[in-house]
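The values are calculated or read from the model by the stated rules, or taken from the named source; none is laboratory data. None of these values were measured; they are calculated from a predicted model. Positions of Cβ are backbone-derived with ideal geometry, glycine not excepted, and every protein chain shown enters the neighbour counts.
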Amino acid sequence: MDKDFDFVGVWHYFGEITLFMNTSIPIRTRHLFQELDELLITKLKSLSPKQWSLPTLAGQWTIKHITAHLLDGNLRAISMIRDGFFGENPGPLSSYQDLVRFLNRLNAEWVTATNRLSPQVLIALLETSGKEYRTLINSLKPFEKALFSVAWAGEEESQNWFHIAREYTEKWHHTQQIFHAVDPEDRSLLSKRLYLPYLETSLRALPYHYRSIESPKGTLVKITITGQFAHSWWIKRTESAWQLVPFSKLEPKAQLTIPDQIAWRIFTKGIPSARAEQSLEVNGNRELALHFLKILAVMA
């Protein structure tokens, strides 16, 4: 299925038409994994020894640390989803933050252990595991229940297509962190083909993110991301929740325009909100628009 969404209803509101988005319609990403992997491997093979120690937007992690983390993602997915092997039992997890702490510990332990591996070994392991990983995700049936839900979008149960799309956002943003560390002006991954699926997936979190914001029924918020291409997302307040809509002729109560080089950093805690705000254009209700700056599309 090629469409990122379809329309499940037509609502007449003061003479205007608003079409509601069915967020269960899949975002297609499986065909992009190999292209993204090849771009990453090419970039890593071009690095000098000193560049592997460059700092990145991922906290204290260098390029080498992120590379090791991407390898861990491949190996853990293959072990858990293909082989049914989960390794360490996390014990009882009573909250989202319990899960985040567990994952952060696993990530830190892996990065520490792989400090002893050379860049060349990491690249070779990424190449071989990447092929197995792509075979794995291509074998998953899109509409079957995923092993893991997309928690940052508020889902307790997800279908495989959304799990795969979430995995794409994980690989995309870590690859972008590497490209950005080497050259902050590099826009290779900000093309419509590679960046729009990342944005479409990340912004499925919008209704969940705005869940605590009380507004009158019919309130609209418009988010526009500009750069090599421009694309807009809308959310509308219904009787009891916020809902994604692909378009509305009505005037939004709040509008936010975000440069493409800033958007992905907002989703991944790669820029302080105050600094991001300096690059944004806000129209209408400022508080409603700027709530967007707290959104996350990573487990953090």
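Assorted remarks:
- Every residue from region 218-259 that is modelled with pLDDT of 95 or more and of a type in the set (Lys, Arg): Lys222, Lys236, Arg237, Lys253
- Within region 231-252, considering residues that are among the aromatic types (Phe, Trp, Tyr) and crowded, with 16+ Cβ neighbours inside 10 Å, the one farthest from Pro216 (Cα to Cα): Trp233
- Region 26-42: number of residues that are buried (at least 19 other Cβ atoms within 10 Å of the Cβ) and either at pLDDT below 95 or not hydrophobic (A, V, I, L, M, F, W, C) (or both): 3
- Test for Leu54: is it surrounded by 11 or more Cβ atoms within 10 Å (Cβ to Cβ) and either of a type in the set (Val, Ile, Thr) or touching a Ser or Thr at 6+ places or on another chain (Cβ under 7 Å) (or both): yes
- Output for region 207-231, where each listed residue is under 10 Å from Ala241 (Cα atoms), out of contact with any helix residue (DSSP H, G or I) (no Cβ under 8 Å at 6 or more places or on another chain) and assigned to a loop (DSSP other than H, G, I, E, B): Arg211, Ser212, Glu214, Lys217
- Residues of region 49-102 classified as of a type in the set (Ser, Thr, Tyr) and over 30 Å from Pro272 (Cα atoms), total: 1
- Any hit, region 119-133, residues being within 23 Å of Asn160 (Cβ to Cβ) and surrounded by fewer than 16 Cβ atoms within 10 Å (Cβ to Cβ): yes
- Helices (runs of 4 or more DSSP H) contained in region 237-300 and holding at least 1 residues in contact (Cβ under 8 Å) with a residue 60 or more places away in the chain: 260-267, 286-290
- Evaluation of His163 against (1) in contact with a helix residue (DSSP H, G or I) (Cβ under 7 Å, 6 or more places away or on another chain); (2) part of a helix (DSSP H, G or I) (one fails), failing number: (1)
- All of (1) in a loop (DSSP other than H, G, I, E, B); (2) in contact with a helix residue (DSSP H, G or I) (Cβ under 7 Å, 6 or more places away or on another chain) hold for His174 with one exception: (1).
- Residues in region 123-159 that are touching a residue at least 60 places away in the same chain (Cβ under 8 Å) and touching a Leu at 6+ places or on another chain (Cβ under 6 Å): Ile123, Leu126, Trp152.
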